[in-house]
Structures are given as C-alpha cells and as structure tokens.
Amino acid sequence: MTVTDWVFLAVAAVTLFSAYRVVVSRKIMHAALWLGLTFFGVAGIFLLLGADFLAAAQVLVYVGAVTTIIIFGIMLSTPEELRGPSPEAGSDAASSAAPTRRSFLPLVTAIGFAAVMVALVNRGEWPSPPGSVSTDTPRLLGEALFTRFVIPFEVASVVLLVALVGAIALALKEESGQ
Amino acid sequence: MDMFTAMHNGLVQMGVPLWLANLVPPLVKSLILLLFILLNCMFLIWMERKVAGHMQRRMGPMRTGPHGIIQSLADVIKLISKEDIIPSGVDRWVFVLAPIVAFAPAFAVFMVIPFGPTLIAQDLNIALIFIAALTSFVVISFLMAGWSSNNKWSLLGAMRSTAQLISYEVPLVISVVAVALLAGSLSLQEIVEAQRQSFWYILVQPLGFLVFLTASLAELNRSPFDLSEAEQELVAGYNTEYSGMRWALLYLTEYANLITFAAIASTLFFGGWSGPVLPPVVWFLIKVYFFIFLVMWIRWTLPRIRVDQLMELGWKGLLPLSLVNLAFTGVYVLIR
C-alpha cells in the first residue's frame with residue numbers, strides 16, 4: 001500500500017463515520033455538524049483523485065453554504081419542531097412507530113442502496129486512469145462548461161433561479177398569511 | 001523553494017524513508033507560517049491598542065517595556081497560565097472544537113499567499129477559490145461557538161455575524177472574480193506577475209476595490225460592521241463564554257484573518273510583492289501593514305451601523321455594484 005492508499009482509507013473512514021453519526025445523533029445540531037464533516041471528507045476524496053477545483057467547490061458550497069443554511073434552519077425552528085412530539089405528549093401511533101423509524105427503515109434503505117451501488121459498480125466498465133492530467137483544472141472545466149455542456153449548464157442556472165424565486169414567494173406567502 | 005528541495009534530498013541521502021522525507025518540508029513550511037502568524041498577531045494586538053490610544057489622545061499600553069512593546073507577550077503568558085474553564089451548561093465537544101475550527105482555515109489560507117517571487121508555501125492554480133472555500137468555514141465556527149455556549153448573548157452574536165458573513169460573502173467573491181478575469185488566472189502568484197507586466201489593478205478596479213474593502217470589513221467583523229460584538233447589546237458576542245487559551249485562539253483567528261485580508265488586498269489590487277529597489281518581502285510587508293493600519297484607522301474613526309442598514313448595504317448596495325463592476329470588467333477584457 002502506498003501513502004495515498006493510507007490517506008484514502010483515513011479520509012474514507014472519517015467520511016463514513018461522520019455520515020453514520022449524522023443518522024444516529026440525537027441532537028439535530030450535532031447531526032448537522034457531522035454532516036459538515038462528511039462533506040469535508042468527500043472533498044478530501046476529490047482532492048485525492050486530483051480534482052482540486054471540485055474539492056474546493058465542494059467545501060465552498062457544501063461545507064460553507066449548505067451546512068450553514070441547515071444550522072440556520074435549525075436555530076430558527078422552535079424546540080418542539082426539533083425534538084418532535086415528546087414521549088408522554090405524543091400519540092400512541094407516533095411513539096410506537098418511532099423505534100421502527102429509527103432502526104429498521106434506515107437499515108433496509110441503506111442495505112438496498114448499497115446493493116444497487118455494488119451491482120452498478122460491478123457492471124460498469126471502468127476506464128483506466130488517464131496518463132497525465134493537466135493541472136490547469138479551472139481552465140479545462142470552464143472550457144467544457146461553456147462549449148460542450150453549455151446547454152445543461154444554462155438549464156441548471158435557470159433551475160437554481162426558479163428555486164430562488166420560489167423560495168422567496170413561499171416565504172412572502174407565509175409572512176402575509178400570519 | 002530550493003532550500004526545501006535541498007532539505008528533502010539531504011534527508012533521502014541520510015537514509016530517511018521517502019514518505020517521511022516528503023513530509024518534512026511541508027511541516028517546516030507550516031511551522032514557519034505558524035510562527036509568522038503568531039508573532040505578527042502579537043505585534044498587531046499591541047499595534048491596535050497603540051493606534052486606538054493615539055487616535056483617542058491617550059498613550060495606550062506604556063508600562064511593560066519601552067512604549068509597552070512587550071505588553072502582548074505578558075498577555076500571552078497570562079492567558080496560557082489561566083485556568084481552563086468550561087462552563088457547566090455548554091455542549092462540551094462543540095464548545096471545545098469551535099476555536100480550532102475557527103483557527104485551522106485562517107492558518108491554512110496562508111499556504112497560498114505569495115510573500116515574494118519564490119517565497120510561497122504552495123502556489124495553487126485555484127488559490128482564489130481555495131481561499132473563498134476556507135474562509136467560508138468561519139461561519140460554522142461562529143455558529144458552533146455561539147450555539148454550544150448555551151447563552152442567549154452568544155447565540156444572538158453568532159446569528160448576527162453569520163447573517164452578516166453570508167450577505168457579504170457574495171459581493172466579496174464577485175469583486176475578486178473581476179480581478180481573476182483581468183489576470184486570466186486564479187493563482188495569486190500569476191495575478192502578481194500579470195500586474196508586474198501591466199499595472200496595479202487598483203487603476204482599473206477602483207469600484208471593485210471599494211466593494212472588496214467594505215465587504216472584507218464586514219467579513220472581518222470589524223467596525224463599522226462589528227455588530228456581532230456590540231458590547232452595549234450583546235456583551236461580547238459569540239465568544240462571551242470563552243476564556244483563557246480558547247478565547248486567545250478565537251482572538252488570534254481574528255487577527256490572522258486581518259493579516260489575510262491585508263495580504264489579499266495588496267496582492268490583488270496593489271501588485272503584491274512587486275516594487276522597486278527594496279526586496280519583494282519588504283514591499284509585501286509594507287503594503288500589508290498599510291492595509292492593516294487602514295482597517296484600524298477605520299475601526300477607531302467610524303461609528304457602528306445598525307443591523308437593518310448592514311443588510312441593506314450588503315444586498316442593495318454592494319451586490320449590484322459588484323455585478324456592474326464584473327460586467328464592465330468582462331467588456332474591458334474582451335476589447336483589450
């Protein structure tokens with residue numbers, strides 16, 4: 001094993017462990033922070049694969065923006081919304097469903113997803129790693145995005161814009177409804 | 001850097017395993033950078049108190065050493081020897097980790113800052129994005145500190161600074177993108193090189209620089225944007241519950257970010273290390289200290305603005321300005 005392999009193992013272990021903690025953390029704030037670490041681990045894996053631009057974008061967008069927005073969302077929610085119905089106050093159906101929701105369903109989902117992924121990985125034909133990767137990744141990415149993939153790129157921008165306008169419209173509606 | 005290549009080769013010849021020899025130069029570089037940050041921050045704390053004092057017609061620290069020059073050293077010794085207090089109501093792990101999460105990116109950013117033609121830890125060709133990505137961490141550390149303190153003042157301070165950081169990050173990054181467009185590169189070293197071959201970008205980016213300066217002041221949580229630590233309303237903001245070394249680390253982060261801002265401002269708009277006669281490092285430090293002084297000057301001259309004014313300035317003032325600037329820069333680059 002080379003040093004890169006060891007580093008990969010360490011980064012992957014951190015990523016997986018923090019992803020696990022996201023699911024099992026009882027405090028939702030901790031779950032959000034673990035999620036930030038998961039995103040960071042993914043950025044580390046991108047970096048190991050030589051995708052430095054992608055890694056930086058991952059940190060910028062996911063760790064910097066998405067995690068912050070999630071934490072903001074948590075902080076602006078009321079404690080009742082966060083804790084869910086407390087055991088004594090909750091209805092019978094909710095309290096009896098809770099253990100199942102916590103352990104059984106996620107497990108089935110995870111195993112199912114893992115099975116699909118393993119099947120896909122085994123099926124795919126993986127190209128051999130390219131001999132020399134240019135270090136000028138921003139230029140390559142920019143050229144690809146604005147020539148060959150310009151239409152998907154623009155469509156993605158429009159989708160984001162629509163989401164932005166939609167979010168504002170929803171927030172305004174709530175405000176006037178109160 | 002040749003010195004580090006020599007160090008690496010020497011270690012390999014001495015029979016040190018290759019992976020270990022590969023690790024040594026980066027570690028030495030990090031140590032040098034860490035030392036640079038620590039010493040400069042100590043000096044800056046003294047300088048800030050002196051500047052504040054003289055602007056208010058008093059002397060500032062005078063007792064410890066000539067003109068109080070070793071006051072910061074005394075403070076460091078005091079802070080290190082203080083009892084490590086973790087208040088009982090806090091979320092322990094998050095509370096302990098927050099200062100580290102704050103300092104680590106502030107330190108890592110120094111990796112890509114060019115101090116001279118060859119004096120740079122690692123010249124990344126995505127340096128600007130790297131800096132933007134790392135500085136976005138600050139928000140999370142504030143939220144961690146504010147939330148885990150279990151104190152309403154801390155939480156309010158953290159919320160304020162986060163709202164502020166998110167609003168001002170957008171115009172900041174857009175004003176930086178205009179510079180990258182002009183230079184045709186995201187690497188700080190190449191941006192300096194491009195300015196050496198033409199002119200300082202402040203000449204064609206005055207608007208961009210103003211947006212950058214204003215947004216940076218907000219990012220640094222400095223007056224007139226220091227709402228997160230408005231003493232009259234919030235005690236001390238997100239770091240209210242911190243004391244001793246942990247508080248020192250948060251304070252250190254603030255000053256490290258100040259140096260980063262000054263270094264980036266002089267690199268992007270004022271030709272970085274380039275300049276006549278004097279060696280590049282000296283030019284770089286002169287420019288950096290000029291901007292640090294400018295920020296202190298602003299802090300001790302202007303009053304604090306209100307929260308609503310802060311948001312309005314960010315979204316209705318700086319963002320459109322930075323977009324206009326970017327559009328004009330694009331046109332300029334095309335017809336150049």
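None of the figures in this text is laboratory data; all of them are computed from the coordinates on show. The model shown is predicted, which means the values in this text are computed figures rather than measured ones. Here Cβ is always computed from backbone atoms with ideal geometry, including for glycine, and neighbour counts include all displayed protein chains.
Placing a label point 7 Å from the Cα of B:Val277 along the Cα-to-Cβ line, no residue of the range B:178-196 has its backbone N under 12 Å from it. Annotation for B:Ser198 and B:Asp84: the two label points, set 7 Å from Cα along the Cα-Cβ direction, are 5.2 nm apart.
For the range A:137-178, the orientation-averaged shadow of the C-alpha convex hull comes to 3.5 nm² (one quarter of the hull surface). In chain B, the ratio of gyration radius to Kirkwood radius, Rg to Rh, stands at 0.98 when only Cα atoms are counted.
The mean of 1/r over all distinct Cα pairs in the protein assembly as shown, once inverted, gives the Kirkwood hydrodynamic radius of 25.6 Å. Taking label points 7 Å from Cα along the Cα-to-Cβ direction, B:Trp300 and B:Met3 give a separation of 3.4 nm. Calculated on the alpha-carbon coordinates, the convex hull of the range B:1-81 measures out at 139 cubic angstrom per residue. Build a GNM of chain B with springs between Cα atoms under 10 Å apart, and of B:Val192, B:Val24, B:Val307 the one that fluctuates most is B:Val24.
Multiplying the residue separation of A:Glu125 and A:Arg21 by 0.36 nm and subtracting their alpha-carbon distance yields 34.1 nm. Checking the Cα-Cα distances for B:Lys50/B:Lys78; B:Lys287/B:Lys316; B:Lys82/B:Lys152; B:Lys50/B:Lys82; B:Lys78/B:Lys287; B:Lys152/B:Lys287 against a 29 Å cut-off, the pairs over it are B:Lys287/B:Lys316; B:Lys78/B:Lys287; B:Lys152/B:Lys287.
Going 7 Å from the Cα of A:Leu161 along its beta-carbon direction, which residues of the range B:155-184 have the amide nitrogen within less than 12 Å of the resulting point? Answer for the range B:155-184: none. For chain B, modelled as a GNM whose springs connect Cα atoms under 10 angstrom apart, the maximal fluctuation among B:Ala145, B:Ala218, B:Ala248 occurs at B:Ala248. Suppose R0 equals 45 Å; then what is the FRET efficiency for A:Lys173 and B:Phe293 from their Cβ-Cβ distance, rounded to the nearest 0.05? So, using R0 = 45 Å, E works out to roughly 0.35. Build a GNM of chain B with springs between Cα atoms under 10 Å: which of B:Ser187, B:Ser88, B:Ser216 gets the top mean-square fluctuation? So, out of B:Ser187, B:Ser88, B:Ser216, the one fluctuating most is B:Ser88. What you get for the protein assembly as shown, charging only the Cβ of Lys and Arg (+1) and of Asp and Glu (-1), is a dipole of about 740 debye around the Cα centre.
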